[in-house]
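S.K.: Dropping a structure here in structure tokens format, bear with me for questions.
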Amino acid sequence: MSIEELESIAQAMVAPGKGIIAIDESTATIKKRFDSVGVPNTEENRRAYREMLLTTPRLGEHISGAILYDETIRQATKAGVPFTKIMLDAGVLPGIKVDLGAKPLAGFPGELVTEGLDGLRERLAEYAKLGAKFAKWRAVITIGDDTPSGTCIEANSHALARYAALCQEAGIVPMVEPEVLMDGVHDLDVSYEVTEATLRSLFGALYEQNVLLEGTILKASMVIPGKDCPDQVDVEDVAEATVRCLKAAVPASLPGIVFLSGGQSDEQATAHLNAMNQMGPHPWPLSFSYGRAMQSAALTLWAKDMQANFAEAQKTVALRAKQNGLAALGQWKK
Ligand code: 13P
């Protein structure tokens with residue numbers, strides 16, 4: 001795999017008007033989503049649900065890639081067609097979550113560090129054979145009275161950078177995701193400060209580990225007040241603070257930035273992305289890599305009647321993809 005190939009995959013991930021659907025929930029996380037709509041968390045239900053999402057007609061119109069979980073990348077449709085073939089035929093790049101989850105950081109109560117570097121070279125080689133073109137590693141930064149610590153930010157940045165270097169060695173584009181959580185009472189300014197410090201640390205670590213930025217995608221959290229902050233702000237304020245923060249901390253050579261939805265409503269996630277793009281042009285395309293904000297409507301419909309609502313659920317996936325695709329161009333209208 002050449003440098004040019006990594007660059008062209010990264011650019012395809014953020015092609016104009018396109019973004020990513022994150023369907024890489026671990027078995028424990030999809031259980032929470034299934035529990036909320038009364039679906040038993042069996043392997044067959046997980047497979048059937050992902051089949052519904054991935055076989056959405058014309059998914060590739062507004063979706064450039066989908067992030068899968070280890071179990072999902074090995075699965076196939078009921079008719080036996082591998083999901084990765086369905087995706088390639090639809091023009092949707094297969095991505096794979098490769099971290100093994102955020103675990104308590106010893107010595108730092110309430111903080112997390114993401115694990116999964118041991119054996120990662122071998123796992124990436126296998127995922128490349130299975131068809132993965134990009135990967136994801138999510139670090140979690142928690143805002144509290146005394147957090148995040150510099151140690152937590154640095155430990156996570158170091159792991160993200162080592163992961164990214166291993167991905168590029170395997171010919172896989174790393175998506176680096178340092179998620180600053182929306183949980184808490186912190187205001188917009190605190191979210192800005194923590195996000196900027198996290199991004200500065202991350203890009204320093206990527207530089208130290210010789211990661212090629214031109215073959216890397218940032219998955220960022222928006223600069224937004226905590227869910228329980230009494231001082232909520234307008235869409236334009238979130239958009240302005242997020243763009244300002246990214247401009248302060250993210251090198252212009254990065255091919256693109258995609259956002260997680262992180263607990264925002266579907267409409268909020270779309271409106272924020274749209275407002276940011278209306279403030280452009282920016283040094284990088286700004287697009288989406290939403291999980292919940294792409295899937296929640298579809299999950300609710302599908303759970304009510306998996307057979308009868310199959311096509312209706314797919315229509316909501318297509319609609320959310322279209323709306324977020326328009327928001328990636330700054331052309332969405334409420
Ligand atoms: P949400 O959009 O639901 O936050 O999920 C995106 C994701 O992949 C988090 O790692």
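Read-outs: derived from the displayed coordinates by stated rules, not from any lab. Since we're looking at a predicted model, the values are computed, not measured. Heads up, the Cβs are rebuilt from the backbone with ideal geometry, glycines too, and the neighbour counts pull from every protein chain shown.
S.K.: Separation of the range 247-307 and the range 121-199 by C-alpha centroid, Å?
M.R.: Distance between centres, Cα-based: 17 Å.
S.K.: Around residue 306, under 11 Å between beta carbons, what's the net of Lys plus Arg minus Asp minus Glu among the other residues?
M.R.: Numbers: positive: 304; negative: 44, 51, 305.
Counting the neighbours of residue 306, the net charge comes to -2.
S.K.: On a straight-distance basis, which lysines could pair with residue 136 in a cross-link, Cα separation under 21 angstrom, same-chain partners fewer than 8 positions away excluded?
M.R.: Partners within reach: 18, 31, 32, 85, 97, 103, 219.
S.K.: Placing unit charges on C-beta atoms (Lys and Arg positive, Asp and Glu negative, everything else neutral), compute the dipole magnitude of the chain about its Cα centre in debye, rounded to 20. Provide the component values of the computation, followed by the final result.
M.R.: Details: 32 positive and 42 negative charges, 269 e Å.
That gives a dipole near 1300 debye.
S.K.: What number, in nm² with one decimal, is the all-direction average of the projected area of the convex hull of the alpha-carbon atoms of the chain? Provide the component values of the computation, followed by the final result.
M.R.: Working: hull surface 62.8 nm².
That works out to 15.7 nm², a quarter of the Cα hull's surface.
S.K.: How would you rank 134, 310, going from fewest to most other Cβ atoms within 10 Å of each one's own Cβ? Display every interim value, and only then the final one.
M.R.: On the way: 134 26, 310 15.
Ascending number of Cβ neighbours within 10 Å: 310, 134.
S.K.: Would you mind working out the magnitude of the charge dipole of the range 149-220 relative to its Cα centre, with +1 at each Lys and Arg C-beta and -1 at each Asp and Glu C-beta, to the nearest 20 Debye? Please report the intermediate quantities before stating the final value.
M.R.: On the way: 3 positive and 11 negative charges, 58 e Å.
In debye, rounded to 20, the range 149-220 gives about 280.
S.K.: Take the alpha carbon gyration tensor of the range 39-149, find the square roots of its eigenvalues, order them as a ≥ b ≥ c, and report rounded if a/c is under 1.5; if not, report prolate when a/b exceeds b/c, else oblate.
M.R.: Numbers: a/c = 2.19, a/b = 1.95, b/c = 1.12.
Prolate, since a/c reaches 1.5 and a/b exceeds b/c.
S.K.: Next question, about the same structure. When the chain is fully extended, how far beyond the present Cα-Cα distance does residue 247 get from residue 130, taking 0.36 nm per residue of separation?
M.R.: Working: separation 117, 0.36 × 117 = 42.12 nm, distance 3.60 nm.
Computed gain between residue 247 and residue 130 is 38.5 nm.
S.K.: Looking at the chain, send over the antiparallel percent of its DSSP beta bridges, to the nearest 5.
M.R.: Working: 4 of 33 bridges.
Here the share of antiparallel DSSP bridges comes out near 10 percent.
S.K.: Rounded to the nearest 500 deg cm²/dmol, what is the calculated helix-only ellipticity per residue at 222 nm for the chain, with -39500 (n - 2.57) per DSSP H run of length n ≥ 4? Walk me through the intermediate numbers first.
M.R.: Details: 12 runs with 157 residues, N = 334.
Estimated from H runs of four or more residues: -15000 deg cm²/dmol.
S.K.: Which net charge results for the neighbourhood of residue 289, defined as the other residues with beta-carbon distances under 12 angstrom from its beta-carbon, given Lys and Arg at +1 and Asp and Glu at -1? Spell out each step's value before the answer.
M.R.: Working: positive: 18, 97, 136, 138, 219, 292; negative: 24, 177, 179.
Result for the neighbourhood of residue 289: +3.
S.K.: I would also like to ask the following. Just tell me, in residue order, which DSSP H segments of the chain are both 27 angstrom or longer along the helix axis (alpha-carbon based) and at least -1.0 in mean Kyte-Doolittle hydropathy.
M.R.: Working: long enough: 150-169 (29 Å, 0.06); 188-208 (30 Å, 0.26).
Helices meeting the criterion: 150-169, 188-208.
S.K.: Neighbouring Cβ atoms within 10 Å as the yardstick, rank 83, 288, 108 fewest first. Intermediate results must be reported in sequence, preceding the final value.
M.R.: Numbers: 83 26, 288 30, 108 17.
In increasing order of surrounding Cβ atoms, one gets 108, 83, 288.
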